[in-house]
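A.B. asks: Take a look at this one; I'll ask things after.
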Amino acid sequence: MLKLYKAFSLGFSAFPVQLQRLLFSATFERQPRKAVGLFSQPRNEMPDVATNGTKHANYVAGEILDERFADVFDVFRTNFENGLESEGAAFSVFFEGRLVVDLYGGFANKKHGLFWQRDTKSILFSTSKSICAIIVAHLVEKGKLSYDDKVVKFWPEFEKHGKGDITAGLPYQNVITTIEDFKNWSKIAKIFEDSEPVWTPGTKTGYHALSIGLLIDQVLRRVDEKGRGVNEYFKEEIQGKYGI
């Protein structure tokens, strides 16, 4: 497997929302803090900047709580000024256990002219990638995995239909259609085992929007001495031990 961290990003896994928010700060509900630098613009002074004929929100607000990170504000705002970020975004940085950057800007709803606020909620999608990556790194550190390992080293049944050389997983499988399917790890295992490569391995690349978190979960259950899945492993080995 585990070149997949070099080749692809991770996909869907059902994790507690608060953990996803913690790692990527997709949603902000914190109380205002005293900041080293506070950068914001009043609602009635939010300008638009024209870039290549397209309007982009130039409104950025939030806090820089450590002056060593002051340049982050300018970099974040530049994304809106030059059109790299055409909608809205929020960005937080934790350094040495402290929140040092907490910024947000742009549109929450561009069509209706609604700007991103501190408490704007965002879709999560790929935020669980970091959780899976942390788990794999933790297993590598413990000597349980290598990033160059093939899936079949831990899961021989995966080799079916010529998948033995795969190191970067499989793309989305349209037979996974319901939330109940995602929760049924034994059914997921059978789906992966019966799947055929969509193309010859090595000739194309794909994006794991849904399948890769499930694939990591399957490998983890076979590597972990307790047979835990991603959710249980993260709670017990990472979240609990490190106070996340």
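A.B. asks: Using a Förster distance of 22 Å, how high is the FRET efficiency between TYR207 and ALA133, based on the Cβ-Cβ distance and rounded to 0.05?
C.D. replies: Computed FRET efficiency for TYR207 and ALA133 comes out at 0.90.
A.B. asks: If you don't mind, another one. Rounded, prolate or oblate, given the Cα gyration tensor of the range 93-228, with a/c below 1.5 counting as rounded?
C.D. replies: Verdict is prolate for the range 93-228.
A.B. asks: Take the Cβ-Cβ distance between ILE244 and ASP148 as r, set R0 to 22 Å, and report the resulting FRET efficiency rounded to the nearest 0.05.
C.D. replies: FRET efficiency, ILE244 to ASP148: 0.20.
A.B. asks: Between PHE69 and THR200, take the C-beta separation as r, use R0 = 51 Å, and let me know the FRET efficiency to the nearest 0.05.
C.D. replies: 0.65
A.B. asks: Now for a different question. In nm, give the distance between the simple-model label positions of THR178 and ASP165, each being 7 Å from the Cα along the Cα-to-Cβ direction.
C.D. replies: Each label point lies 7 Å from its Cα, and together they span 3.8 nm.
A.B. asks: Using a 10 Å cut-off around each Cβ, can you sort SER146, SER211, SER122 from fewest to most neighbouring Cβ atoms?
C.D. replies: Going from least to most buried by this count: SER146, SER122, SER211.
A.B. asks: Would you mind calculating the gained length between LEU124 and SER86 on full extension (0.36 nm times residue separation, minus the Cα-Cα distance), in nm to one decimal?
C.D. replies: 11.9 nm
A.B. asks: Over all alpha-carbon pairs in the range 51-132, figure out the percentage whose distance exceeds 19 Å.
C.D. replies: 43 percent
A.B. asks: Could you give the size of the charge dipole of the range 103-244 about its Cα centre, using +1 on the Cβ of each K and R and -1 on the Cβ of each D and E, expressed in debye and rounded to the nearest 20?
C.D. replies: 500 debye
No lab work stands behind these numbers, since they all come straight from the coordinates. Everything numeric here is computed off the predicted structure, so don't read it as measured data. When we count neighbours, we look across all protein chains shown, and the Cβ atoms used for this are built from the backbone with ideal geometry, even at glycine.
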